[in-house]
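S.K.: Below you'll find the structure I mean.
Rule-based calculations on the coordinates, nothing more; no lab input. Since the structure is predicted, the reported quantities are computational estimates derived from the model, not experimental observations. Because the Cβ atoms are built from the backbone with ideal geometry, glycine has one as well, and the counts that use them run over all protein chains shown.
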Amino acid sequence: MSRLPVHHVFPSPEAASGALASDIGGLVSRRASEGRPAVLGLATGSTPIRLYAELVRLAVERRSRLEESRQLWQFYWDMA
């Protein structure tokens with residue numbers, strides 16, 4: 001049985017970009033945890049600029065959290 005497409009209406013372009021970026025980030029994370037790549041086809045032009053900006057923001061945020069975690073584990077290692 002085929003699934004019907006799900007449609008969402010968002011109050012603003014920013015909200016839509018945030019939700020989509022979160023979904024894409026989740027896909028990339030799931031694939032990475034499975035040892036599989038996530039292949040994305042990205043559109044060009046001005047329409048997806050908000051989405052790409054949100055993806056960059058999420059990547060920077062995740063990198064920052066990973067760096068904080070690495071520093072914490074290094075601190076514990078140094079204390080042992």
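S.K.: Using the Cα centre as the reference, give the magnitude of the dipole from point charges on the C-beta atoms of the chain (Lys, Arg: +1; Asp, Glu: -1; all else neutral), rounded to the nearest 20 debye.
M.R.: About 260 debye.
S.K.: While we're on this one: So how do 22-34, 46-58 stack up, highest first, on mean other-Cβ count within 10 Å?
M.R.: The peptides rank, most packed first, as 46-58, 22-34.
S.K.: For the range 1-59, what does the alpha-carbon gyration tensor say about shape, rounded, prolate or oblate, given a ≥ b ≥ c as the root eigenvalues, a/c under 1.5 as rounded, and a/b over b/c as prolate?
M.R.: oblate
S.K.: Something else now. Residue-wise, which Karplus ³J(HN,Hα) couplings in Hz belong to the range 31-41, taking 6.51 cos²θ - 1.76 cosθ + 1.60, θ = phi - 60°, and x for glycine or proline?
M.R.: Ordered by residue, 3J(HN,Hα) equals 4, 5, 5, 8, x, 10, x, 10, 9, 10, x Hz.
S.K.: Between 0 and 90 degrees, rounded to the nearest ten: what's the tilt of helix 49-79 against the longest Cα principal axis of the chain?
M.R.: 20 degrees
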